[in-house]
């Protein structure tokens, strides 16, 4: 005798999800992170500020801390710090470090016109001349630097850029100092 298969008319339920439903705070956090990542930092700051308030009210300290940290990131992206102009001595030193004495000399001349009593500028100009192996100009600039600040004699003795011209009699004024 043949049996007929029973047909199941009851609807099958969807399999249970292994992940618990996200809380509204977690959803808000995820949206705020997406705002920051998509370049909408100003909107993210507002969303994270609201989330910070809501997490505090709910007593969700973990979410509060995450919101605080990401709020700092969003604020930094929304208001990036302005680049600080570098001073003349730093610019000249950077040129000397790259062994660009001609550029360093241009910057030094301009800076010395603006600040003629600043010994460090005269010293840096002397170093630039030394890199170009121009002993006459280097000695003249070093002499001016040492008139303004006698401590430059110590730097002169240690500065490797003067090695090629150091034995020149033009630097006799540095002896016994």
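Every number here is computed from the coordinates shown, using simple stated rules; none is lab data. Note that the structure is predicted; figures quoted are calculated from it, not measured. Because the Cβ atoms are built from the backbone with ideal geometry, glycine has one as well, and the counts that use them run over all protein chains shown.
Where the centroid of each part is defined by its Cα atoms, how far is region 113-139 from region 43-83 in Å?
The distance from the Cα centre of region 113-139 to that of region 43-83 comes to 51 Å.
For n ≥ 4 DSSP H runs only, could you compute -39500 (n - 2.57) per run for the chain, divide by its residues and tell me the 222 nm figure to the nearest 500?
Rounded to the nearest 500, the figure is -19500 deg cm²/dmol.
Label residue 103 and residue 83 with points 7 Å out from Cα along Cα→Cβ: what is the distance between them in nm?
About 1.3 nm, to one decimal.
Suppose R0 equals 45 Å. What FRET efficiency, 1/(1 + (r/R0)^6) with r the Cβ-Cβ distance, do residue 110 and residue 23 give to the nearest 0.05?
After rounding to 0.05, the efficiency reads 0.15.
Would you work out the relative contact order for region 24-78, in percent, from Cα pairs under 8 angstrom that are 6 or more residues apart?
Computed over region 24-78, the figure is 40 percent.
Please report, in whole Å, how far the alpha carbons of the chain spread along each principal axis, starting with the longest.
Each principal axis gives a Cα extent; for the chain these are 124, 49, 27 Å.
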